Each structure stands twice: as structure tokens, then as C-alpha cells.
Amino acid sequence: MVFYSLIRNFAAVLPKIKQEEMAEQSLKRQLKVLTIPVFIEMALVMLLGAVDTVMLSRYSDNSVAAVGLDNQLISLVFLVYQFFSMGAAILCAQYIGAGLRKRLVQVVGMALVINLILGLAVSLLLFFYSEHLLLLMGLRPELMGDGLVYLRLTGALSFFQALSLTFSASLRSADKVIYPMVVTGIVNVLNILGNYALIFGHWGCPQLGVEGAAIATATSRAVAMILLAIIHFRVHIPRFPVHYFRPIPWKELRNLLYIGIPAMSENISYCLSQVVITFFINQISNEALAARTYCHNMIMFVYLFCLSITQGGDILVGHLVGQQRQQAAYILGNYFFRWSMIITLTGSVLLAIFGRSILTAFTDNPEIIAMGVWVLVVDVFLEIGRTSNIFAGSTLRATGDTFYPFVVGIIFQWSVAVGVSYIIGIPLGYGLVGMWIGFALDENIRGVILVRRWRSGKWRSKGFVK
């Protein structure tokens, strides 16, 4: 009888086990479907910035150094624009999982309006106060001309990126990741053609150097926003009914702020810490600043897979949290974290091995190449922590656990990334390589803390759908 009872219980449980296995396999298939377009899109986004660096390297190393410092500030601005688009993406994913269409439309509509106002204000600030900002960042006088031209042009039209980020986040949250990928591909082609024509003066165009790169990049971003807007209205949200916003949905605004403020604050803190660090690097030498710019553009492609699989995975995590399937979200998160680590470390090791050959293709300055080679070696260790940070920080936010990554980020970005890297790099005299060691310590300490938070399961009660 006991044996018969065991068989009967096993037979009853077996269909549930098979159902769970099928559901897990389905999620992994969905993850692959989402990750590939996001991977391609993010590669193209990174290429958009890297193209300016590569093509300007044929123009002069000083122009690369100036544009590299400008892009530190532009990156900070784009993080500000992600304030509401990031919150909208997380809320949309959970609302789609719960089938709450009206709340989805309200969130996207409010994010678009607020980002438009914010984008216009920041664009005006960058245009009129660009010289003051570059002086504050310590840009050397011989680099000021190129830096000022690039920042004014790209900054004045940066509000297009504010809207693009919101449209793209909304499309991704609805699993429509293919559209941002296609738009980014088109924009990259336009940017490359524009750079070729305007930097070097081909096809009857004037030779504008850095100014040409700025015109091509800013115009490409404007085209991207227009295309994303057209696609968004046709395939996702065709209209925003006025009565959805009367009275103003304050609850959704509060949710956006709850996600956006800590997420934006952490990212702005990180970017500001990088601006301070770039100021320190600028004090070392022009060669150190150029080496940092070259290495940064190479390293971005190493952690690209981690960024893309985390973004794709977080869409599914948001859907699962909206459906109250927290255990499935946990299993899926661990799955894409494992693959992120394997692929990122493989890429960083290969980059360290072949780094000298790649740097030689960019510049013939032996000092820049020597610094860059050692930076790429140290970066292997750094990527362990960065992968953990990207995964745990982003995925915790996707579940609604937003304040913990913010607090951890603020503490260690300034105490370790800025403080320790400064001490090793400048007073102790280890230069750019010493500062990279400080970055690696910061990323790894934060990575350990945030992964422990993920594994603790304290995020399970933080969702926005009850």
C-alpha cells in the first residue's frame, strides 16, 4: 500500500514537474529571442560613439582626447534622460505581465512629456554654458576649441535622445525589440557616411574635422527619434486618450519617481565620479586621456553581451514579477547571470591578449599603446565585478528593489572608485593603470554586495502589481 501510494503521488506530481520544465524552457527561448536584437542594437549604439573616435583618430590624437572628455558629459546627460524612461520600462513590463493596458499607456505618456521638457531644458544649458562646463572639467587649453565645438552641437540637439530613450524603452518592454535594433542600424550607417563626408571633406563637402563629427552624430540622433516615434505609434500605442490623463494619474507619477530617482541618482553619481576621475587623468597627460578614450571604446564591446542579455532578461523578469511568479524570475535571473559572466570574461581575456595589436591600429604613439596594454590586463579583473553589478543592479530594479543599489553605489563609487583610484594613480605615481586598479576594486566590492542582495530574496515583495 505504501509503495502504491508513493507511485500515485509521483504520478500526480509528474505533470506539474513537466509543466514547470516546459515553462522554464519557454522562458529561455524567449530570452534568446529578446537578447539577440538587444545585443545588435546595443552594439550599434556603442558603435555610434566609437565611430567618432576611430575616424577622428585618423584626424589627430588631440581631437580624440577632446571628444572623449565631451562624451563623459554627454553620457551623464543621457543618464539624466533615462530617469523616466528607465522607470517607464520597468513599470510597463510589470503592467504587461499583469494585463493592465490603461496604466501602461498612462506611464508612457507621462514619461514622454516629462522627458521632452527635461530634454529641452538640458539642451539649452549645454549650448549656452558648454565652455563653463569644460573649464570645470579641467579641459586643457589646447583641446578647448575641438571640445567646445563638439559639445555645443551634440548638446544642443540632445533632447532628441531624451525622446528616443523613452520610445525605445516602451517598445522593448512590450517585447518589440526588433524595431529599436533596425532604427539603430540605419542611424549608424548615416553617422558613418556623415563622418566620412564631413570630417575629411569627401563628396564635395567641406573638411570640418571635429565639427563634422558633431554634425553627423547629432543629425543621426534626430533621425533615430523620428523613426522610433513613427514605429511606436504604429505598432505599440497608437494614441494617448486625453481622458486617461484627467485627472493626472499621480499614482503612476509616484511609481515613476520611486524607480527613477534612485536609478537616476545612482547612474548620475557613477557618471559624475567618472567625470572627476577623467579630471584626474587629464592632469596626468594628454596621452593618458587619449589612452583612456581608446581603451574605453574597446572595453565597451567586452561587456556588451552582459548589458544586452540583462536588458532582455529584465523584460521577462518584470513580466514574471507582474504575474507574481517570483521564483521563476529568480531562476531566470541566475541563468542569464551565469552566461553573462562566462562570455564577458572570455571577451576580456581575448582583448588583453590582442590589445597591443588593436591599439596599434588606432595610434602609433608608443606611450599611449604601453598604457593601454596594461589597462586591458587589469580590466580582466574589473569585468568580474562589472558583470555582477550590471546584472544585480539592473535586475533588482526590474523587480522594484530600487533603493538598495542606489545606496551601495553612492558609497563605493566615491570612496573607492574616486578616492582609492586617485591615491594609487597620482600620489603613489602609478598613473592611468593605478587608477584602473581602483576602478576594479570598486566594481568588485559593489558586485559582491549586490549579488548577495539578489540571492537573499528580499526583492520578492517590492513589485508594483499587488
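The values are calculated or read from the model by the stated rules, or taken from the named source; none is laboratory data. The shown structure was predicted, so the numbers you read here are calculated from the model rather than taken from an experiment. Here Cβ is always computed from backbone atoms with ideal geometry, including for glycine, and neighbour counts include all displayed protein chains. We work out accessible area using only protein heavy atoms, side chains counted, and drop any ligands, DNA or RNA first. Shrake-Rupley method; radii C 1.70, N 1.55, O 1.52, S 1.80 Å.
Quick notes on this structure:
- Region 209-353: C-alpha gyration tensor shape, a/c 1.5 cut-off, then a/b vs b/c: oblate
- Using 0.36 nm per residue and subtracting the Cα-Cα separation, the extra length available between R246 and I186 on full extension is 17.8 nm.
- Theoretical ellipticity at 222 nm over the chain - DSSP helices of four or more residues, -39500 (n - 2.57) apiece, nearest 500: -29500 deg cm²/dmol
- Cα pair distances exceeding 29 angstrom across the chain, given as percent: 50 percent
- Volume in Å³ per residue [convex hull over Cα atoms, computed for region 59-113]: 94 Å³
- Entry for region 95-238 at q = 0.13, 0.18, 0.21 Å⁻¹: log10 I(q)/I(0) = -0.68, -1.04, -1.20, Debye formula applied to identical alpha-carbon scatterers, no solvent contribution.
- For region 137-184 and region 67-123, distance of Cα centres in Å: 13 Å
- The HN-Hα couplings worked out from phi for region 276-282 by the Karplus form 6.51 cos²θ - 1.76 cosθ + 1.60 (θ = phi - 60°) are 4, 5, 4, 4, 5, 4, 4 Hz, whole numbers, x standing for Gly and Pro.
- Rolling a 1.4 Å probe over the protein heavy atoms gives the chain an accessible area of 43 Å² per residue.
- The residues neighbouring Y303, those whose beta-carbon lies less than 13 Å from its own, together hold a net charge of -2 under the Lys/Arg +1, Asp/Glu -1 convention.
- Between region 282-310 and region 338-392, the Cα center-to-center distance that results, in Å: 9 Å
- Carbon-plus-sulfur accessible fraction, the chain (probe radius 1.4 Å, protein heavy atoms only): 69%.
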